[in-house]
Amino acid sequence: PGQKVLDLGCGRGQTSAFLAANFGVKVVSVDLWINNQERLKKAEQFGVESLITSLQGDITRGLPAEFVNFDAIFAMQSFHTFGTKSGILSYLGSLLKKGGKICIAQTCFDTETNNLPDTFRQTNGWNAEYEKYHSPDWWRGLLETSRNFEVEFCEEISDGKIMWEDHVLYCGERSNWSEEYLEKTAWLIRQFIW
């Protein structure tokens, strides 16, 4: 409680609200696409609006100078969009206190591929950016060669594939497996089958 966490690519702010509500940390949430007002609504739903500062912008362009000395940086399903940009790992390292941690939770492939299968190019208009997904070993190598971070843990979650399948099942059941749902998610279901 009381520590400062930078939540990068936080989307609608669910992760920021979760971190503040469950751990009592002060969160600076940063997202490029989702505006501050929408994230404030999520913080209010959790009753943690006093613990969250929302910024809208591109982390690769930097934060205002007063946002430094974080105890931790968290990136849930967003690191692939900015984590390989030139200089970003040095910059993120400069935002952390000595001994600070960075935690990345990211969809990945279990092995590297130079030829993305066609099924991962068909996403029904949703830009999944699969060409930016990498294996845990690839991410470990990137972080270690940057010399900004000591990697403590980097591996695929053992039930990761099941978690994605559960998500589709949950959403399907909520929609009563409507024809509209099946049409919208057929691309994702094909990826699971592959």
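The values are calculated or read from the model by the stated rules, or taken from the named source; none is laboratory data. No experiment lies behind these values; they were computed from the predicted model shown. Cβ sites come from the backbone with ideal geometry, for glycine too, and all protein chains shown count toward neighbours. Accessible surface is based on the protein model in full, side chains and every heavy atom, while ligands, DNA and RNA are left aside. Shrake-Rupley method; radii C 1.70, N 1.55, O 1.52, S 1.80 Å.
Computed values, structure above
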| item | result |
| --- | --- |
| Above-threshold pairs, the threshold being 28 Å between Cα atoms, out of 4/85; 26/161; 98/161 | 26/161; 98/161 |
| ³J(HN,Hα) computed for each position of segment 98-107 - Karplus, 6.51 cos²θ - 1.76 cosθ + 1.60, integer Hz, glycine/proline x | 4, x, x, 10, 10, 10, 10, 10, 9, 4 |
| Where 58, 137 fall by accessible area, highest first, once all protein chains stay in place (1.4 Å) | 137, 58 |
| Rounded D (µm²/s) - segment 1-72, Kirkwood Rh over Cα pairs, Stokes-Einstein at 37 °C, 0.692 mPa s | 278 |
| Convex hull of Cα atoms in segment 1-154, direction-averaged projection (nm²) | 9.9 |
| Part-to-part distance (alpha-carbon centres) for segment 1-77 and segment 164-181, which is given in Å | 29 |
| Peptides ranked, highest mean first, by Cβ atoms within 10 Å: ranges 80-91, 164-175 | 80-91, 164-175 |
| Long-range HN-HN contacts of residue 74 with modeled amide H, under 5 Å | 6, 7, 8, 103 |
| Nearby aspartates and glutamates by direct alpha-carbon distance to residue 42 (threshold 20 angstrom, same-chain neighbours under 8 apart not counted) | 7, 31 |
| Estimated inter-spin distance, residue 159 and residue 186, nm [label 7 Å along Cα→Cβ] | 3.2 |
| Cut-off under 5 Å, modelled amide H: who pairs with residue 27 long-range | 5, 52, 53 |
| Radius of gyration, Dmax [segment 68-164; alpha carbons; angstrom] | 14.6, 44 |
| Label-point separation in nm, residue 116 to residue 129, each point 7 Å along Cα→Cβ | 1.1 |
| Of all accessible heavy-atom area on the chain, the percent that carbon and sulfur account for (1.4 Å) | 51 |
| At R0 = 22 Å, FRET efficiency that the Cβ-Cβ distance of residue 109 and residue 12 yields, to 0.05 | 0.25 |
| Segment 31-75, accessible area per residue, ligands and nucleic acids excluded (1.4 Å, Å²) | 60 |
| Segments 92-98, 16-22 sorted - mean Cβ within 10 Å per residue, highest first | 16-22, 92-98 |
